[in-house]
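> This is the structure I have questions about; it appears just below.
Nothing in this text is a laboratory measurement; each read-out follows from the coordinates by a stated rule. All values reported here derive from a predicted model rather than from experimental measurement. Cβ placement follows ideal geometry from the backbone for every residue including glycine, while neighbour counts extend to all protein chains displayed.
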């Protein structure tokens, strides 16, 4: 089983308020983060790797700001690509048609969310 990181109580994950969760380092030594947020359409919790599909950089560029003004799209702050927050697909920009890497999100018996890689 892939290592997992604590997100926090599911009840504290609010719509329109993404939470960035540290996931350790990748094989090149770069830090990795999950973007955890409630789906703006269904309210279900979702988790994506905070890594643009155009260039291997975090969407927020280190700012912590991944969400567009409408609360329904993630924005790459480096080149402006727009990803839907519900399914992670890029709908505009140089990586159009590609999808953010989805992460596993689980809720334990105490109502705490945990995130890990799918593999």
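> Have a look at 60, 26, 86 and tell me which one the Gaussian network model of the chain (Cα, springs below 10 Å) gives the largest fluctuation.
The residue that fluctuates most here is 26.
> Can you work out D for the chain in µm² s⁻¹ from Stokes-Einstein, where Rh is the Kirkwood radius over C-alpha pairs, the temperature is 25 °C and the viscosity is 0.890 mPa s?
172
> In nm, to one decimal, how far is the residue 91 label point from the residue 17 one, both placed 7 Å along Cα→Cβ?
Output for this residue pair reads 2.5 nm.
> So, R0 is 22 Å and r is the distance between the beta-carbons of residue 99 and residue 6; what FRET efficiency does that work out to, to 0.05?
0.30
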